[in-house]
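Let me begin by presenting the structure, written as structure tokens, before commenting on it.
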Amino acid sequence: MNTRQQQLEAFNRLLDIMDDLRSNCPWDKKQTFESLRHLTIEETYELGDAILNNDLQEIKKELGDLLLHIVFYAKIGSENRDSSSSLTTGFDIADVCNDICEKLIHRHPHIYSDVVVANEEEVKQNWEKLKLKEGKKSVLEGVPKSLPALVKASRIQDKVKGVGFDWEEPHQVWDKVQEELQELQDEVAIGNQDKIEAEFGDVLFSMINYARFLNVNPEDALERTNKKFIKRFMYLESKAGELGKPLMDMTLAEMDVFWNEAKKL
């Protein structure tokens with residue numbers, strides 16, 4: 001394991017390289033906050049894949065890619081700083097580090113002050129209360145609007161739980177799931193497409209809520225199923241290829257034979 005000095009030297013080396021690239025590389029010189037944004041999102045998903053695969057080497061690699069983006073954003077931010085003016089509109093990597101350090105110290109009074117907490121839940125509740133004291137009008141302000149809907153629903157529920165807005169027992173949440181399913185079935189019978197969509201959303205939201213009480217991450221659970229389906233379907237495709245028969249020419253019964261084989265593997 002590297003020493004703290006070696007870690008600092010490695011980070012300083014990255015900063016030096018970023019300076020070189022920003023000054024001399026035609027591609028790096030052209031980048032902006034906006035042009036990097038979609039690449040950062042892509043890198044974040046690649047890190048997520050590596051974590052789900054439990055691939056430590058790939059996690060290390062993707063963390064490096066994300067760290068590069070952070071350093072890149074900070075470099076661009078530093079270029080908006082006017083050293084001749086008392087008004088500081090830009091920022092550099094030190095500002096980024098100092099801001100997060102101050103936030104962490106402020107939001108962990110049980111570590112850096114005399115506040116006493118009994119468990120993880122009290123830590124989360126204190127966190128949300130402190131954010132409101134900092135000027136936020138709603139605990140939901142911290143949920144990004146552009147998050148995928150499933151992840152956003154999970155974050156919303158986690159946020160409101162932090163201020164005590166939550167079910168008390170898992171069976172209450174399951175009862176809510178059953179209630180929403182019945183309401184969906186009722187609207188399907190009527191055939192109003194707009195209401196069917198609304199009720200389907202309620203079912204998904206309640207299922208995501210139930211996942212919390214089962215200590216299941218719904219995003220991870222769904223991605224696990226996605227990967228399982230992909231693996232089984234690709235097995236089906238390979239078997240169809242061995243037979244020289246396009247999937248479109250196979251019956252569902254023929255497909256089921258290979259699908260069931262894939263499930264046993």
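Total residues in the range 221-234 satisfying the condition of being more than 24 Å from Leu147 (Cβ to Cβ) and open to solvent by less than 100 Å² (accessible area, probe 1.4 Å): the figure is 3. Write out, first by first residue and then by second, each pair whose Cβ atoms fall under 7 Å of each other, whose residues are 6+ apart or on separate chains, and whose first residue, in the range 59-81, is on the phi < 0 side of the Ramachandran plot while the second is surrounded by 13 or more Cβ atoms within 10 Å (Cβ to Cβ) and of a type in the set (Gly, Ala, Ser). Close Cβ pairs (under 7 Å, with a partner that is surrounded by 13 or more Cβ atoms within 10 Å (Cβ to Cβ) and of a type in the set (Gly, Ala, Ser)) amount to Ile59/Ala50; Glu62/Ala50; Gly77/Gly90; Ser78/Gly90; Glu79/Gly90; Asn80/Gly90; Arg81/Gly90.
Has the range 21-31 got at least one residue that is among the acidic types (Asp, Glu), modelled with pLDDT of 95 or more and open to solvent by 70 Å² or more (accessible area, probe 1.4 Å)? Working first, answer last.
Here is the first cut: in the range 21-31, the ones among the acidic types (Asp, Glu) are 28.
Filter once more, keeping what is modelled with pLDDT of 95 or more: 28.
From what is left, the residues that are open to solvent by 70 Å² or more (accessible area, probe 1.4 Å) are none.
No: the range 21-31 contains no residue that is among the acidic types (Asp, Glu), modelled with pLDDT of 95 or more and open to solvent by 70 Å² or more (accessible area, probe 1.4 Å).
Being among the aromatic types (Phe, Trp, Tyr), in a helix (DSSP H, G or I) and modelled with pLDDT of 95 or more: is that true of Phe205 here? Criteria met by Phe205. For the range 1-12, a residue qualifies if it is more than 12 Å from Leu68 (Cβ to Cβ) and either part of a helix (DSSP H, G or I) or among the small types (Gly, Ala, Ser) (or both), and the qualifying residues are Arg4, Gln5, Gln6, Gln7, Leu8, Glu9, Ala10, Asn12. Within this structure, Val188 fails the test of being assigned to a loop (DSSP other than H, G, I, E, B), of a type in the set (A, V, I, L, M, F, W, C) and open to solvent by 80 Å² or more (accessible area, probe 1.4 Å). When Ala221, Ala253 are screened for being of a type in the set (A, V, I, L, M) and closer than 27 Å to Glu46 by Cα, only Ala221 passes.
Screening Leu214, Leu130, Leu147 for residues that are open to solvent by 60 Å² or more (accessible area, probe 1.4 Å), closer than 29 Å to Gly48 by Cβ, out of contact with any Pro (no Cβ under 6 Å at 6 or more places or on another chain) and of a type in the set (A, V, I, L, M) leaves exactly one candidate, Leu214. Mind checking which residues of the range 46-69 are closer than 29 Å to Leu222 by Cα and aliphatic (A, V, I, L, M)? Once the filter is applied, which keeps residues that are closer than 29 Å to Leu222 by Cα and aliphatic (A, V, I, L, M), the range 46-69 yields Leu47, Ala50, Ile51, Leu52, Leu56, Ile59, Leu63, Leu66, Leu67. Consider the range 75-126 and keep the residues that are touching a His at 6+ places or on another chain (Cβ under 9 Å) and surrounded by 15 or more Cβ atoms within 10 Å (Cβ to Cβ). The one that is modelled with the lowest pLDDT is Asn126.
Each row is one residue, and each column tells you yes or no for (1) open to solvent by 90 Å² or more (accessible area, probe 1.4 Å); (2) over 21 Å from Leu150 (Cα atoms); (3) in contact (Cβ under 8 Å) with a residue 40 or more places away in the chain.
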residue	(1), (2), (3)
Glu179	no, no, no
Glu199	no, no, no
Phe205	no, no, yes
Glu219	no, no, yes
Leu236	no, yes, no
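When Ala189 is tested against (1) over 30 Å from Thr40 (Cβ atoms); (2) of a type outside the set (S, T, N, Q); (3) at pLDDT below 95, just one condition goes unmet, and that condition is (3).
Suppose the filter is open to solvent by less than 80 Å² (accessible area, probe 1.4 Å) and either more than 30 Å from Asp220 (Cβ to Cβ) or assigned to a loop (DSSP other than H, G, I, E, B) (or both); does Leu15 pass it? Before the answer, list the steps.
Details: open to solvent by less than 80 Å² (accessible area, probe 1.4 Å): yes; either more than 30 Å from Asp220 (Cβ to Cβ) or assigned to a loop (DSSP other than H, G, I, E, B) (or both): yes.
Spelling it out, Leu15 is indeed open to solvent by less than 80 Å² (accessible area, probe 1.4 Å) and either more than 30 Å from Asp220 (Cβ to Cβ) or assigned to a loop (DSSP other than H, G, I, E, B) (or both).
The values are calculated or read from the model by the stated rules, or taken from the named source; none is laboratory data. Fair warning: this is a prediction, and the values are worked out from it, not measured in the lab. Note that each Cβ is placed from the backbone with ideal geometry, even for glycine, and that neighbours are counted across all protein chains shown. Remember, those area values only see protein heavy atoms, side chains included, never the ligands or the DNA or RNA. Shrake-Rupley method; radii C 1.70, N 1.55, O 1.52, S 1.80 Å.
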